[in-house]
1. Give the shape of the chain as rounded, prolate or oblate, defined through the alpha-carbon gyration tensor: a ≥ b ≥ c are the square roots of its eigenvalues, a/c under 1.5 means rounded, and otherwise the shape is prolate if a/b is larger than b/c and oblate if not.
2. Please compute the contact order of the chain in relative form: average sequence separation of alpha-carbon pairs under 8 Å and at least six residues apart, divided by the residue count, as a percent.
3. Specify which residue in the list 7, 102, 23 is farthest towards the positive end of the charge dipole of the chain, using unit charges on the beta carbon of Lys, Arg (+1) and Asp, Glu (-1), about the Cα centre.
4. Using a cut-off of 23 Å between alpha-carbon atoms, which lysines can reach residue 20, once sequence neighbours fewer than 8 places away in the same chain are excluded?
5. Stretched out fully, how many nm does the piece from residue 8 to residue 43 gain, at 0.36 nm a residue minus the Cα gap?
6. Most fluctuating residue of 154, 95, 28 in a GNM of the chain with Cα springs under 10 Å: which is it?
7. Given only helices, namely DSSP H runs of n ≥ 4 each adding -39500 (n - 2.57), what is the per-residue ellipticity at 222 nm of the chain, to the nearest 500 deg cm²/dmol?
8. Can you put 93, 157, 23 in order, fewest other beta carbons within 10 Å first?
Amino acid sequence: MQPLDVGNVVSKASAAAFGKPLTTNVLRGLIVEAIIALALEPDWEWCSADYASWDFQRSDGLRLEVKQSAYRQSWDTPATAKVSPGFDVKARTGRWEGTTFIAEPGRAADLYVLAYHDRRDEGADHRNPLQWEFFVLPATAIPPVARIALNSVRRLTQPVRIDNLASRVGAVAATIPRRRPADTTLR
């Protein structure tokens with residue numbers, strides 16, 4: 001029997017959750033956020049948590065939310081399957097700061113990174129940053145819909161690969177007005 005300590009528990013859980021190329025929908029967002037964190041840190045702080053209203057924040061208070069979608073799923077998705085990729089961009093009724101709900105309707109983030117994994121063959125690996133494409137949009141460019149289809153996103157902006165993500169985020173962020181100082185606290 002292996003030692004029953006936290007390190008072994010974390011190792012076992014990590015292997016079960018992330019040890020295969022295709023990750024379940026519930027955990028794939030964490031993979032994508034980790035990939036994006038490697039590209040954007042230290043300029044952006046990865047601050048997502050349960051019920052977080054955004055995933056990254058810059059020191060000037062600018063907020064970034066990540067949404068992701070993938071063609072291949074952890075269950076069997078044949079290469080010929082009809083898939084309608086899209087992203088949940090629904091405006092919310094408010095946001096959480098710690099345990100306090102703040103009724104502030106709309107989108108809490110200033111910009112979005114929409115990540116799509118389109119690899120359809122047996123080499124598909126959600127953990128591989130080079131297999132993702134990223135679409136960076138200011139929140140104001142997203143139409144007032146709950147879900148935006150990938151085709152609609154492609155009409156709004158061009159994708160970038162991971163090696164150009166920080167540059168594109170910086171360019172889009174430069175077009176967004178800064179928040180007032182009172183709005184810059186992390187959740």
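What follows is calculated from the coordinates using simple rules that are stated; it is not laboratory data. Keep in mind that what you see is a predicted model, and the values were worked out from it rather than measured. Positions of Cβ are generated from backbone atoms using ideal geometry, with glycine treated the same way; all protein chains shown enter the neighbour counts.
1. Details: a/c = 1.75, a/b = 1.23, b/c = 1.42.
Cα axes put the chain in the oblate bin.
2. On the way: 301 pairs, mean separation 43.3, N = 187.
Taking the mean separation of contacting Cα pairs over the length of the chain, I get 23 percent.
3. 102
4. Partners found: 12, 67.
5. On the way: separation 35, 0.36 × 35 = 12.60 nm, distance 3.28 nm.
Using 0.36 nm per residue and subtracting the Cα-Cα distance, I get 9.3 nm.
6. Highest fluctuation of the listed residues: 154.
7. Calculated at 222 nm, the ellipticity per residue is -8000 deg cm²/dmol.
8. Working: 93 10, 157 16, 23 23.
Fewest-to-most Cβ neighbours within 10 Å comes out as 93, 157, 23.
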